[in-house]
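Input: a single structure, listed below in structure tokens.
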Amino acid sequence: MKVLETKLQGCFVLEPRIFKDKRGYFFESFNQNQFNQLTGNNTNFVQDNESFSTKGVLRGLHYQIGIHAQAKLVRVIKGRVLDVAVDIRKNSPTFSQYVAVELTENNKKQLFIPRGFAHGFVVLSDTAIFSYKCDNYYNKESEGGIIYNDPLLNINWQLPEESLLVSEKDVVLPKLVDAKL
């Protein structure tokens, strides 16, 4: 596995070694010891989640606060998404900055998003199956969010805004300046 640190401290892109032959391919999607050694983290994932979405579905930007904050390791099983992590750590030199990584069924890249980040993605292919590990259990009272089109963040979601499918819950999220962090 190759690990590349992004411009946001603690946020990594993971590129697995893929072994292909005439039968197909094989790759190790996760190895706890290797992950901890290469990232310098001691993350223990406790929950796996999966979603299916169609083109233009935008999920996010979500996070959890306090003792229920979550680190995530995200990947695409089928399809293609633009995955976005936003630094919402108030004392961070990269506060309010984001990274966007295209995750696909072909490139098998994964994005590690540490605690203190908001996360979202948009589906660029006709459909996508998205999978992610969390290092903490979901807690409804600790959830927070930021509106996907916050002008301060200025995220390029790579699709026209009128083609985005955003949930009723996500379309009324606050801007970063008004979010509970």
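Answer with yes or no whether residue 107 is without any contact (Cβ under 8 Å) to a residue 12 or more places away in the chain and either under 28 Å from residue 15 (Cβ atoms) or crowded, with 19+ Cβ neighbours inside 10 Å (or both). Against the criterion (without any contact (Cβ under 8 Å) to a residue 12 or more places away in the chain and either under 28 Å from residue 15 (Cβ atoms) or crowded, with 19+ Cβ neighbours inside 10 Å (or both)), residue 107 does not qualify.
Among the criteria (1) out of contact with any helix residue (DSSP H, G or I) (no Cβ under 7 Å at 6 or more places or on another chain); (2) assigned to a loop (DSSP other than H, G, I, E, B), the one residue 96 does not fulfil is (1).
For the subset of region 141-151 comprising residues that are within 18 Å of the chain's Cα centre (by Cα) and over 18 Å from residue 66 (Cβ atoms), which member is surrounded by the most Cβ atoms within 10 Å (Cβ to Cβ)? By that ranking, first place goes to 148. Go through 77, 65 for me and flag whichever is within 22 Å of residue 14 (Cα to Cα) and touching a residue at least 12 places away in the same chain (Cβ under 8 Å). When all the criteria are applied, what remains is 77.
For region 38-68, a residue qualifies if it is modelled with pLDDT of 95 or more, surrounded by fewer than 19 Cβ atoms within 10 Å (Cβ to Cβ) and of a type in the set (A, V, I, L, M), and the qualifying residues are 46, 65, 67. Which pairs do you get when a residue that is part of a loop (DSSP other than H, G, I, E, B), found in region 138-150, comes within reach of a residue that is among the small types (Gly, Ala, Ser) and surrounded by fewer than 19 Cβ atoms within 10 Å (Cβ to Cβ), reach meaning Cβ atoms under 8 angstrom, with the pair 6+ apart or on two chains? Here the result reads 146/179, each pair linking region 138-150 to a residue that is among the small types (Gly, Ala, Ser) and surrounded by fewer than 19 Cβ atoms within 10 Å (Cβ to Cβ). Residues that are of a type in the set (D, E, K, R) and surrounded by 13 or more Cβ atoms within 10 Å (Cβ to Cβ) were ranked within region 152-176; the one that is farthest from the chain's Cα centre (by Cα) is 175.
The values are calculated or read from the model by the stated rules, or taken from the named source; none is laboratory data. Bear in mind that the values here come from a model prediction, so they are computed numbers and not experimental data. Because the Cβ atoms are built from the backbone with ideal geometry, glycine has one as well, and the counts that use them run over all protein chains shown.
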